[in-house]
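The values are calculated or read from the model by the stated rules, or taken from the named source; none is laboratory data. Just so we're clear, the structure is a prediction, and the values are computed from it rather than from any experiment. As a convention, Cβ positions derive from the backbone with ideal geometry for all residues, glycine included, and neighbour counts pool all protein chains shown. Each accessible area value is taken on the protein alone, full model and side chains, heavy atoms only, with ligands, DNA and RNA left out. Shrake-Rupley method; radii C 1.70, N 1.55, O 1.52, S 1.80 Å.
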Amino acid sequence: MAVILLMATVVILAAAVAYPLIERAAGRAPLTADDVLGSSPEPSGSTGEAGGDIPAGAAGPNDDIPAITRLDPALRAAVRHAADDAHAAGIDLWITSGWRSPAYQQSLYDEAIRTKGLAEARRTVATPETSQHVSGNAVDIGPTEGAYWLIQHGTDYGLCQVYANEIWHFELLTTPGGTCPPMHDDAES
Ligand SMILES: [Zn+2]
């Protein structure tokens, strides 16, 4: 009897371990804390890939790099759903920028000031304090064809274009099928 109980316990434990792995492999698993937090303990001063750079220039919503894993899980899931549907419709859609560390965002802002001047930088790049990329609540979508697909279909997933001068920048600002808030002209307004 004891042996049977022991065997039953082993089977139940094995199932408990295997089921989430199978679910994950099938792409249906809910995100875990590791997915959200990534592996770096203190990334605020990080640059490069650890700071949210996407070295290849494009990433998918399932990629295991900080730019993706540190996104808000609901935003990440919405982009995953949209990318799957776009793909089924014959349109490629990928993430060109996702979560960014404050240090990385600052470097983008500084670079914009250097190349465009302060006034234009303020219209086109948010500071680390205001950027929704730093809080993990924004994605930039490419290529242009993919961004236009998402402008057309994004509300089906709750995804909204936020700035009229950025066709690539999307945030989760409504419920699926809902209405997006009015667009800002640019990052400054
Ligand atoms: Zn953006």
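Yes or no: the range 75-84 includes at least one residue that is surrounded by fewer than 20 Cβ atoms within 10 Å (Cβ to Cβ), part of a loop (DSSP other than H, G, I, E, B) and out of contact with any Pro (no Cβ under 6 Å at 6 or more places or on another chain). No. The number of residues in the range 136-169 that are loosely packed, with under 15 Cβ neighbours inside 10 Å, in contact (Cβ under 8 Å) with a residue 40 or more places away in the chain and within 14 Å of the ligand (Cβ to nearest atom) comes to 1. Give the range 153-176 a look and list any residue that's of a type outside the set (F, W, Y) and closer than 14 Å to D92 by Cα, or say none. Correct list: H153 only.
Here is the figure for the range 93-106: residues that are open to solvent by less than 50 Å² (accessible area, probe 1.4 Å), assigned to a helix (DSSP H, G or I) and polar (S, T, N, Q) total 1.
So which of G52, G90, G117, G60 is in contact with a strand residue (DSSP E or B) (Cβ under 8 Å, 6 or more places away or on another chain) and surrounded by fewer than 20 Cβ atoms within 10 Å (Cβ to Cβ)?
Details: G52 fails: surrounded by fewer than 20 Cβ atoms within 10 Å (Cβ to Cβ); G90 fails: in contact with a strand residue (DSSP E or B) (Cβ under 8 Å, 6 or more places away or on another chain); G117 fails: in contact with a strand residue (DSSP E or B) (Cβ under 8 Å, 6 or more places away or on another chain).
That would be G60, the only listed residue that is in contact with a strand residue (DSSP E or B) (Cβ under 8 Å, 6 or more places away or on another chain) and surrounded by fewer than 20 Cβ atoms within 10 Å (Cβ to Cβ).
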